[in-house]
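The values are calculated or read from the model by the stated rules, or taken from the named source; none is laboratory data. No experiment lies behind these values; they were computed from the predicted model shown. Neighbour counts are summed over all protein chains in view; Cβ atoms, including those assigned to glycine, are modelled from backbone coordinates with ideal geometry. For accessibility, only protein heavy atoms count, side chains too; no ligands or nucleic acids. Shrake-Rupley method; radii C 1.70, N 1.55, O 1.52, S 1.80 Å.
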Amino acid sequence: MDSQGGPPRGGPQDRPPRPAGARRPGPRVYRRRRIVVLVLALMAVGGLVWAGIVLASLISGSQNADDSASAPTGSAQPAPTASPSAPAAQATESAVPAEPSPSDPSCDPDLVQVSASTDAQSYAPDQDPVLTLTVTNTGDVDCPVNVGTSQMEFLVTSGDDRIFSSADCQDGAEDLSRDIAPGSSEEAKFTWERNRSVPGCEEVEENATPGSYDVRVSLGELTSEEATFELQ
């Protein structure tokens, strides 16, 4: 008994001897062991969850395969959805005007004619002839014609003698396009002052003398018949 009268306490001599070289594990070792045990437990639970997922996917895949096998062969597939740009492309194509067919009416240049005339048959010595160019559309549809001064020529002759041309001294010639309706005409008038001219607009002192003269007019490639008049 000890000094207090109680039962004797067990001392080191009462504990079983430890193996040689063995040491009692410290608190850190216990904590590490607990952590390892916890990790292993979590891994075991995670393995069970993963196995459940794999099993569920296998079951789902087998069901899909069964559904595919039970579906009738040759069933119609859904039609592909048209792209949003397709209607716009069709609208653009439909908006382009079609080329005119050969049967569409068009102007025949051969049906455009020019003619020459004067405002009198004979002119007194103090009168200057007024020469007229007339272009007429003899067709059934409108014809665009360049009736500008750049296309016109008034040519006066007397036999084989070239007397005058409005193109010899022309200055500031211009184009002028007009749509001439079927059966309609356009006129251009030129007052001839009985003078002579030569190409290049060189000065000519001699003027026309009394006699018979002819006038012929041109509009581009179109040329009229001659119209005759007399100077007194």
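Whether a residue is farther than 17 Å from SER122 by Cα and either open to solvent by 80 Å² or more (accessible area, probe 1.4 Å) or touching a residue at least 12 places away in the same chain (Cβ under 8 Å) (or both) was assessed, and SER212 does not pass this test.
A residue that is in contact with a Phe, Trp or Tyr (Cβ under 7 Å, 6 or more places away or on another chain), surrounded by 12 or more Cβ atoms within 10 Å (Cβ to Cβ) and either modelled with pLDDT under 95 or of a type in the set (A, V, I, L, M, F, W, C) (or both) can be found somewhere in the stretch 152-162. Looking only at the stretch 116-129, decide whether some residue is under 50 Å from the mean Cα position of the chain (by Cα) and either closer than 20 Å to GLN232 by Cα or at pLDDT 95 or above (or both). Yes, because at least one residue in the stretch 116-129 is under 50 Å from the mean Cα position of the chain (by Cα) and either closer than 20 Å to GLN232 by Cα or at pLDDT 95 or above (or both). The residues listed here are ARG178, ARG162; of these, the one that is of a type outside the set (A, V, I, L, M, F, W, C), out of contact with any His (no Cβ under 7 Å at 6 or more places or on another chain), in a strand (DSSP E or B) and within 19 Å of VAL112 (Cβ to Cβ) is ARG178.
Here ALA188 passes the criteria (1) within 16 Å of THR118 (Cα to Cα); (2) surrounded by fewer than 18 Cβ atoms within 10 Å (Cβ to Cβ) except the one numbered (2). What is the number of the single condition among (1) part of a loop (DSSP other than H, G, I, E, B); (2) at pLDDT 95 or above that GLN170 does not meet? Failing condition for GLN170: (2).
Please go through the stretch 207-224 and give me each residue that is in a loop (DSSP other than H, G, I, E, B) and either in contact with a strand residue (DSSP E or B) (Cβ under 9 Å, 6 or more places away or on another chain) or on the phi > 0 side of the Ramachandran plot (or both), ordered by number. Residues satisfying the conditions are ALA208, THR209, PRO210, GLY220, SER224.
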